[in-house]
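The values are calculated or read from the model by the stated rules, or taken from the named source; none is laboratory data. Keep in mind it's a predicted model, so treat the numbers as computed, not measured. With ideal geometry, Cβ positions are generated from the backbone for all residues, glycine too; neighbour counts draw on all protein chains shown. These accessible areas exclude ligands, DNA and RNA; they are computed on the full protein's heavy atoms, side chains included. Shrake-Rupley method; radii C 1.70, N 1.55, O 1.52, S 1.80 Å.
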Amino acid sequence: MTIRHDWSLDEVIALYEQPLLELVWQAAAVHRQHHDPLAIQRSTLLSVKTGGCSENCGYCPQSAHHDGPARKSQGMMSLDDVRLAATRAKESGASRFCMGAAWREVKDGAQFDSVIEMVETVSGMGLEACVTLGMVTAPQAVRLKAAGLTAYNHNLDTSSEHYGAIISTRTYEDRLQTLANVQQAGLQACCGGILGMGETAKDRCMLLQTLASLDPQPESVPLNVLVRVPGTPLADAPDFDPLELVRAVALARLLMPKSRVRLSAGRSDLSREAQALCFLAGANSIFFGDQLLTTTNPQVAADEQLMRDLGLHAA
Ligand code: SAM
Ligand code: DTB
Ligand code: SF4
């Protein structure tokens with residue numbers, strides 16, 4: 001099956017609007033053409049620089065613009081603490097380790113130098129290293145690649161149309177430019193979005209259409225369900241129907257057959273059954289570890305039990 005980058009919005013919406021079980025069946029069929037359907041990648045997150053971010057992303061507990069729990073900036077984590085967290089992640093069976101910083105963009109200097117050391121350390125331990133640091137220039141991306149980085153996470157978050165309702169301190173174009181810088185440096189792009197931010201089904205289709213239009217398509221596509229954090233503008237967003245997540249996973253799988261589709265934030269609120277449907281529909285990666293960046297994730301023991309009960313294994 002060839003990878004298409006030219007899906008029209010009408011085509012994408014027609015796929016999305018099919019009866020759910022038809023959509024899941026098609027996605028499951030494509031999934032097993034390209035992946036071991038029982039293999040789930042485990043990626044562990046660590047916030048190496050928390051809080052006080054100058055961007056105003058409406059969902060984010062780390063924005064200095066909101067009254068969220070991580071509105072104030074904390075210092076950079078030490079290299080020793082990062083090494084310890086990565087060792088624990090590796091011991092618990094993670095293959096990828098993703099470090100996040102609450103930055104609008106990477107600035108050259110001592111803090112970026114520390115991140116480079118962290119990347120060298122993590123990749124030297126035999127883990128795939130990933131970072132998410134905000135906007136990055138082409139030379140900075142090249143430096144990260146030389147340090148041993150595997151992937152750079154930078155989400156489009158929602159459709160270009162809904163974007164302005166969520167963030168006003170940067171543009172969709174800014175995000176796309178960073179993704180281009182990342183890919184030109186030979187890094188894998190990890191790029192997805194957040195569901196449940198008051199967007200329509202059409203917005204979700206547009207987001208996935210835009211992701212599929214990237215060339216190459218993102219190596220991994222994290223699909224987050226909004227974690228409603230008190231003090232953020234989206235704290236009172238309505239509940240999100242997990243079946244819409246199943247649809248989005250299936251659509252991502254159909255449009256991006258070779259990408260890893262990651263069940264990301266919001267998994268703590270999903271039932272085991274909803275997660276099982278997502279894995280059937282083509283999700284093949286999870287954030288693994290008790291903590292996301294500033295919020296909680298399912299406990300490792302619960303995830304191990306879920307994997308056993310579903311007959312899934314680590315990728
Ligand atoms: N500051 C960098 C940036 O925004 O690119 C990197 C860290 S940022 C916290 C990484 C991603 O986390 C965001 O793009 C967003 O998709 C996700 N995220 C943040 N807060 C979230 C929340 N409350 N619920 C779900 N996803 C969230
Ligand atoms: C992504 O798409 N989700 C992760 C990761 N990439 C960096 C972050 C989720 C953050 C959830 C809110 C928090 O824990 O602060
Ligand atoms: Fe949060 Fe990243 Fe937005 Fe900053 S840029 S407010 S850390 S999502």
Which numbered condition in (1) open to solvent by 10 Å² or more (accessible area, probe 1.4 Å); (2) in contact with a Cys (Cβ under 9 Å, 6 or more places away or on another chain) is the only one that Asp241 fails? (2)
Residue count, the stretch 106-160, condition open to solvent by 60 Å² or more (accessible area, probe 1.4 Å) and under 17 Å from Cys190 (Cα atoms), comes to 4
Qualifying residue in the stretch 63-72 (condition: in a strand (DSSP E or B) and either over 25 Å from Leu156 (Cβ atoms) or open to solvent by less than 30 Å² (accessible area, probe 1.4 Å) (or both)): yes
For Asp239, which of the numbered conditions (1) of a type in the set (D, E, K, R); (2) part of a loop (DSSP other than H, G, I, E, B); (3) farther than 20 Å from Ala201 by Cβ fails to hold? (3)
Collect the residues in the stretch 285-304 that are open to solvent by 10 Å² or more (accessible area, probe 1.4 Å) and aromatic (Phe, Trp, Tyr), keeping them in residue-number order. Phe287
With the requirement that a residue be within 16 Å of ligand 3 (Cβ to nearest atom) and either of a type in the set (Lys, Arg) or within 19 Å of Ala301 (Cβ to Cβ) (or both), what does the stretch 75-108 give you? Arg104, Lys107
Just one of Gln33, Gln41, Gln18, Gln26 is away from ligand 3 (no atom under 13 Å from the Cβ) and free of Cβ contacts under 8 Å to residues at least 24 places away in the same chain; which is it? Gln18
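So which residues in the stretch 43-53 are in contact with a Phe, Trp or Tyr (Cβ under 8 Å, 6 or more places away or on another chain) and either surrounded by fewer than 21 Cβ atoms within 10 Å (Cβ to Cβ) or β-branched (Val, Ile, Thr) (or both), if there are any at all?
Thr44
Could you check the stretch 256-307 and list, in sequence order, the residues that are among the aliphatic types (A, V, I, L, M), more than 16 Å from ligand 3 (Cβ to nearest atom) and within 17 Å of the chain's Cα centre (by Cα)?
Start the filter on the stretch 256-307 by keeping residues that are among the aliphatic types (A, V, I, L, M), which leaves 256, 261, 263, 265, 270, 274, 276-277, 280-281, 283, 286, 292-293, 300-302, 306-307.
Add one more test, that the residue is more than 16 Å from ligand 3 (Cβ to nearest atom), and what stays is 256, 261, 263, 270, 274, 276-277, 280-281, 283, 286, 300-302, 306-307.
The answer is Met256, Val261, Leu263, Leu270, Ala283, Ile286.
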Qualifying residues in the stretch 1-39 (those that are out of contact with any strand residue (DSSP E or B) (no Cβ under 8 Å at 6 or more places or on another chain), over 17 Å from Ala201 (Cα atoms) and among the small types (Gly, Ala, Ser)) - the one least open to solvent (accessible area, probe 1.4 Å): Ala27
Checked pairs for the stretch 218-234, first closer than 14 Å to Arg247 by Cα, second assigned to a strand (DSSP E or B) and more than 7 Å from ligand 1 (Cβ to nearest atom), C-beta under 6 Å and 6 or more apart or across chains, list as Val225/Leu195
Name the residue that is farthest from the chain's Cα centre (by Cα), counting only residues in the stretch 102-144 that are within 16 Å of ligand 2 (Cβ to nearest atom), β-branched (Val, Ile, Thr) and not in a helix (DSSP H, G or I). Val106
